[in-house]
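As structure tokens, the structure follows; a few thoughts come after it.
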Amino acid sequence: MKVLIGSDKSGFSLKEGIKALLIEQGYEVEDMGTTDVEQPKRFCDVAPIVGSAISKGEAERAILICGTGMGMTQVASMYKGVYAACCESVYAAKMCRAVNNSNILCMGGWIVGFEMAVEMVKAFLTTEHTEGLEPWRQEFLQNALKDVIALDSRP
């Protein structure tokens, strides 16, 4: 699976650790910036690059990290077909996939420690939409996703 990853200065060190782990685990990883902490990109510069790439189908999933995760979430979600989720727990990272079919995990470098981030990323990357849910809920969420996709084409 190809995974895009990006951060601003506040998320740089967490991004670097997660990136190294993903590469070690055999994921194809593309770093969209910040790549040099001495010349950091802002969240509002990185999130559009990643959001646009996910929208165009250039990768299945992405991870964005800024100070709180909220800025990245807001900006990335402006792109058609992008469902970014700001998460602070393993449970939220798993459920953003299972329930909401999120394709971008956003985290806060000021909030989430490395060990927690590793578990969140694992949950996010290995959980499929509706995985582990009751059959009635799977059907409900698959139909809800169709309605969410329809909203994506509104003016």
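ALA85 fails exactly one of the following numbered conditions: (1) small (Gly, Ala, Ser); (2) under 22 Å from ASP152 (Cβ atoms); (3) in a helix (DSSP H, G or I). What is the number of that condition?
Only one criterion is unmet by ALA85, namely (3).
Hey, among MET70, MET116, MET95, MET120, which residue is in contact with a Gly (Cβ under 9 Å, 6 or more places away or on another chain) and free of Cβ contacts under 8 Å to residues at least 40 places away in the same chain? So that I can check it myself, show each step before the final result.
On the way: MET116 fails: in contact with a Gly (Cβ under 9 Å, 6 or more places away or on another chain); MET95 fails: in contact with a Gly (Cβ under 9 Å, 6 or more places away or on another chain); MET120 fails: in contact with a Gly (Cβ under 9 Å, 6 or more places away or on another chain).
Result: MET70 is the single residue among MET70, MET116, MET95, MET120 that is in contact with a Gly (Cβ under 9 Å, 6 or more places away or on another chain) and free of Cβ contacts under 8 Å to residues at least 40 places away in the same chain.
I'd like the full set of residues that are surrounded by fewer than 17 Cβ atoms within 10 Å (Cβ to Cβ), over 16 Å from the mean Cα position of the chain (by Cα) and charged (D, E, K, R), limited to the stretch 1-44.
Once the filter is applied, which keeps residues that are surrounded by fewer than 17 Cβ atoms within 10 Å (Cβ to Cβ), over 16 Å from the mean Cα position of the chain (by Cα) and charged (D, E, K, R), the stretch 1-44 yields GLU24, ASP36, GLU38, ARG42.
Is at least one residue of the stretch 125-132 buried (at least 18 other Cβ atoms within 10 Å of the Cβ) and in contact (Cβ under 8 Å) with a residue 40 or more places away in the chain? Walk me through it before giving the result.
Our first condition is that a residue be buried (at least 18 other Cβ atoms within 10 Å of the Cβ); within the stretch 125-132, this holds for 125, 127, 130.
If we keep only those that are in contact (Cβ under 8 Å) with a residue 40 or more places away in the chain too, we end up with 125.
Yes, because at least one residue in the stretch 125-132 is buried (at least 18 other Cβ atoms within 10 Å of the Cβ) and in contact (Cβ under 8 Å) with a residue 40 or more places away in the chain.
Here is a yes/no grid of residues against (1) closer than 23 Å to ASP152 by Cα; (2) of a type in the set (Gly, Ala, Ser); (3) part of a helix (DSSP H, G or I):
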site	(1), (2), (3)
LYS15	no, no, yes
GLY26	no, yes, no
CYS96	yes, no, yes
MET107	no, no, no
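Every read-out reported here was derived from the displayed coordinates using simple, explicitly stated rules and does not represent laboratory data. The structure presented is a predicted model; accordingly, all values stated were derived computationally and were not measured. Here the Cβ is made from the backbone with ideal geometry for all residues, glycine too, and neighbour counts use every protein chain on show.
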